[in-house]
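Comments concern the structure below.
The values are calculated or read from the model by the stated rules, or taken from the named source; none is laboratory data. Since we're looking at a predicted model, the values are computed, not measured. Here the Cβ is made from the backbone with ideal geometry for all residues, glycine too, and neighbour counts use every protein chain on show.
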Amino acid sequence: MKTKFYIYILLISAFAFSSCEKVIDVNLNDADPRVVIEGKLTTEEGNNYISISKTSNFYSDELPVSITGAEVEVSDLDGNVFIFDEVYSGIYRNNTFTAKSYNKYKLHISSDNKTYESTSETFYPVKIDSIAIEENNFGPKGGNKDDELHYKVTCYFTDKLNEDNFYRLRIFINGEFVSGFFCINDNFFDGKTIPYAFGNISLEDGDVVMVELLGIDEANYDYFYMLQQLVNDGENITPGNPPSNIIGDAIGVFGASSLDRMNKVFNIEE
Amino acid sequence: MNKIHIILLSILLAAVSIQAQVYTVSGSINDASDGEDLIGVNIAIKESPTTGISTNTFGFYSLSLKKGEYTFIFSYLGYKTITKKIFLDRDIKANIHLEKDSQTLLEVVVSAKRSDENIVSTDVGVSSLSVSDVETVPVLFGEKDIMKTIQLLPGVKPAGDGNAGFYVRGGAADQNLIILDGAPVYNASHLMGFFSVFNSSAIKDVKLYKGNMPAEYGGRLASVMDIKMKDGNNKEFGVDGGLGIISSKLTLQGPIVKDKGSFIVSGRRTYADLFLKLSSNEKQQNTKLYFYDLNLKANYKINENNRIFLSGYFGRDVLGYSDLFGFDWGNTTATIRWNHLFNPKLFSNTSFIYSDYNYKISVNSDVDVDISSRIHDWNFKQEFDYFLNEFNTFKFGVNVIHHTFMPGEIDSSDDKVNDFLLEHKYSLESSAYLSNTQKIFNNLTLSYGLRFTNFTQLGPGTITTWDEKGNPTSVDVYDKWEPVVSYNRLAPRFAFTYIIDEKQSVKGAYVRSYQFLHMISNSTTATPTDIWLPTSNNIKPSESDQYSIGYFRNFNENKWEFSSEVYYKYVKNVIDYRTGASTSFNANIESELLYGDARAYGIEFLLKKRTGKLTGWVSYTLSRSEKLFDEINNNTWFSAKQDRIHDFSIVASYHLSPRLVVSGTWVYYTGNAVTFPSGKYKVEGQMIPYYTERNGYRMPDYHRMDIGVTLDNKNYKYEFNSKTGEKEKVKRRFKSSWNFSLYNVYGRENAYTITFQESETNPGTTEAMQLALFKFVPSISYNFSF
């Protein structure tokens, strides 16, 4: 992140006159399709899904191939078993399932005579304290880019002392998901209020900003942190597939998490 | 291996036992105009054509011969040759002052060395450059840079577009030991690597050992770049400087006591940020973006046998955005050195050296924190050159370095963030070496030596041991100075030079070397936040064996030089990262590392024209550099990032007139090996690249041409002479020149990065986006001296 900022400031101030960006043709191999599992369970009733699909060729315009007809079930520490039904092609849900704090969930999938398993833990249910919207500190100011106004949205929440906590955040503007992956751990903030800032968010007067905060386990943090580096930052010293917690011949991630969300209406006068 | 040691030892003993009634001629050789010691001056004897030596790095020479009358010939390209008759019936001191030869200077000399240096020198796999080599070669922003010019030689490759970092013979960037007046420089680049920290105004000489390090050097596998600062003019006071589009520099030098001591002060500062002051945006006005370098050196000759030197380097990059963000980093080195002559045959060099690299980031936004990291060394070096007789020159000495590593620290002033400290690490690197350069026959010279190193990791600290999968197996606490783990390593060095005839020679070398420090990078590009990690209970020393052999030939009365070298290198215990490793502020960084092997091999060609109106060289390298790790690519050999198969460069300077030089360079190399995706999938509806192997793809090939023009202003004027009544040509004291250059003449868009993303214009599809940095960069600079 620091490096990105650094390159950015350097490029704009010194070398902008000679650098250029363009789309190029790069020949890429077509890897054999691989099973991809993405599973998300939350403490909100019915807010869960298990998606099963396959990787596709990089330049392919077609939708990823879904894996249909799989048997998907989730069990918890108390021995409850929940069946997830295919609601549409490759997406499996349970409308009544609700994850609990301090529990452990086990995923079991059978498909085409293959099985895939994974587990994920939940911790204390973290809540958002407040959301603040202010002028961007770094990068484009309000009005600088594409004639849109850009702001910094900071989400404040309080960490639990003496527990290793991992968080993931998502941000929506007027209900529309803002792409990117945003994670943080409590390494430097154990027991303190964490100010998580989304920089460079384009807003207009009256927009509704919603932030979702998920309390995740370490394996999920490692997975999403790597996605953050690959997708948001665009670089990593060793690009590769994020470390998967799926057991079986598949990539992807399975996670159970706490979920809290908060809305804030942006008032340009404030 | 033991057999080799025994053989070496017996050769050594044989060498010592050769004794005869001899006397010694010794002294120092320097430039008659400014007193700078001249390194590598050739001393030949007319009566004994096969005897010959050259001055050491302090301009000192010593030669022992039987009683008799001899004609000594002191020659150095670019200087007038001095012939001196000496009758040897006792030990004689002969200090020589060589005068610059204005005739050859007009022709510009590509290397101020003896004309057949290429053939007779005992160095194998060595590239040396003097500042004059750098002067006319066009570079990015017109900022003369010895580290960029050296990349145009075979076997040396730039780390990236416009980058001062380099790879030598397939080695990684952290396998280069860069020393400035004996002091290691841990981060030799400014501003993301686009400039090196070496201000060419303050540099006298650069020597790059491409893996064939003599025994006095150790600690890195791929190369040693030994940079010597100028001593300063001990005859008269002088000023020189330059104004460029990126930076300005000024050098002052002069005698402290005439002919006995001198000083030099050289400074450079960039001023890109000064333009930002013109901005209408208040925060941009307060943006800081600059670097500076300050080189200081003084020396004093107490008497014929004692001389002291003091040298220092201070450089820093400073970045800041308003008062919200500050980021600065830099190196400091200091050397105190004492040259002492015990007797005409025994030259001693004692140094105390301090090196420091650190960075600091200050954030004053939602939280107020200072983030910092540092590495610093205390270093003692005792070196002896013993000129036993005309056949044997011994070098021996010891070197002790105490390293302190402070990998990272976070200080919060407002208690909103927990203070955080990565434990400091301490280690002691102690070495002793002995080597001899021995003339066996008239046409065969052997260099052989041994270097022993003990590397000890010291407490205090809480030391965790990690297993192969990166899981902890034990945790132990150590007290201050308590050894945690100790490694003893013995590195043999061997080289030969066989002179076939006066026009051609064959040279070969075998070198074992060890590396005890490893750079951990948190980015694909060189950044100030790269940290160094010492060998520890988890990290073993890296070990390299390099074999090389070369053929050297000169043509047309030494005007043309040709050389070709073949090398093969095998390295054990190299470091790579686990996929997705997190390297910044990770207390368990050692659990993110993988250990494997590397190999590199290749053939290098160099054809060089050293004199005449047209000078320059053509170099080509065909090479591979590969790695092998259990955990990567199913334990098969894969390309290292710096595996550039073809590497080609042309450097040419043409003197249109005595005042006007036109120069050009063209480089071409195979793109770096990189990891690109071979598929994709979606997470939360967002495209994620799917990877199947490490470094399985190539960046596009790189090529670029630069041109430059250097125009010297008239260095004479006409003055009316009242005695003769005629106008006379008089030399001006004030000299100046203009330099114009254009980087990337034909605007090749060389890929700096390629990223894979969802198309913005055509949603749902994916594309590869290339960023190219430098497309046509013109520059102009003005240089002066008086």
* To do: Tell me which of these B:Tyr426 doesn't satisfy, since it passes every other one: (1) buried (at least 18 other Cβ atoms within 10 Å of the Cβ); (2) over 29 Å from B:Asp385 (Cβ atoms); (3) in contact (Cβ under 8 Å) with a residue 60 or more places away in the chain.
  => (3)
* Structure fact -> Residue pairs qualifying under the 7 Å Cβ cut-off, at least six apart or on distinct chains, with the first in the range A:146-172 being farther than 27 Å from A:Asn187 by Cα and the second being modelled with pLDDT under 95 and acidic (Asp, Glu), are A:Leu149/A:Glu204
* To do: Tell me, please, whether a residue that is in contact (Cβ under 8 Å) with a residue 24 or more places away in the chain, in a loop (DSSP other than H, G, I, E, B), under 15 Å from A:Glu21 (Cβ atoms) and not small (Gly, Ala, Ser) can be found in the range B:762-774.
  => yes
* Asked: Failed condition for B:Asp706, given (1) farther than 24 Å from B:Gln151 by Cα; (2) more than 10 Å from chain A (Cβ to nearest Cβ), with all others met?
  -> (1)
* **Condition broken by B:Asn713, with the remaining ones in (1) modelled with pLDDT of 90 or more; (2) surrounded by fewer than 19 Cβ atoms within 10 Å (Cβ to Cβ) satisfied** => (1)
* Scan the range A:171-185 for residues that are of a type outside the set (Val, Ile, Thr) and surrounded by fewer than 19 Cβ atoms within 10 Å (Cβ to Cβ) and jot them down. => A:Phe172, A:Asn174, A:Gly175, A:Glu176, A:Phe177, A:Ser179, A:Gly180, A:Asn185
* To do: Could you please find all residues in the range A:199-216 being under 27 Å from A:Asn185 (Cα atoms) and either in contact with a helix residue (DSSP H, G or I) (Cβ under 7 Å, 6 or more places away or on another chain) or among the acidic types (Asp, Glu) (or both)?
  => A:Glu212
* Test: residue in the range A:197-210 that is more than 8 Å from chain B (Cβ to nearest Cβ) and closer than 27 Å to A:Tyr105 by Cα -> no
* What about B:Lys144, is it surrounded by 22 or more Cβ atoms within 10 Å (Cβ to Cβ), at pLDDT 75 or above and among the charged types (D, E, K, R)? -> yes
* Check off (1) within 11 Å of chain B (Cβ to nearest Cβ); (2) among the hydrophobic types (A, V, I, L, M, F, W, C); (3) under 28 Å from A:Glu45 (Cα atoms) for A:Leu230 and give me the number that stays unchecked. => (3)
* **Among (1) buried (at least 18 other Cβ atoms within 10 Å of the Cβ); (2) within 14 Å of chain A (Cβ to nearest Cβ); (3) at positive phi, the one test that B:Tyr577 misses** => (3)
* Structure fact -> Those residues of the range A:39-54 that are surrounded by fewer than 22 Cβ atoms within 10 Å (Cβ to Cβ) and touching a residue at least 60 places away in the same chain (Cβ under 8 Å) come to a total of 3
* Asked: Are any residues in the range A:216-265 part of a loop (DSSP other than H, G, I, E, B), hydrophobic (A, V, I, L, M, F, W, C) and either at pLDDT below 90 or within 16 Å of the chain's Cα centre (by Cα) (or both), and if so, which ones?
  -> A:Ile237
* **So B:Ile73, is it within 35 Å of the chain's Cα centre (by Cα), of a type outside the set (Phe, Trp, Tyr), modelled with pLDDT of 75 or more and outside any loop (DSSP other than H, G, I, E, B)** => yes
* Asked: Which residue out of B:Arg748, B:Arg732 is surrounded by 13 or more Cβ atoms within 10 Å (Cβ to Cβ) and out of contact with any Asp or Glu (no Cβ under 8 Å at 6 or more places or on another chain)?
  -> B:Arg748
* Asked: Could you say whether any residue in the range B:519-539 is touching a strand residue (DSSP E or B) at 6+ places or on another chain (Cβ under 7 Å), within 14 Å of another protein chain (Cβ to nearest Cβ) and of a type in the set (D, E, K, R)?
  -> yes
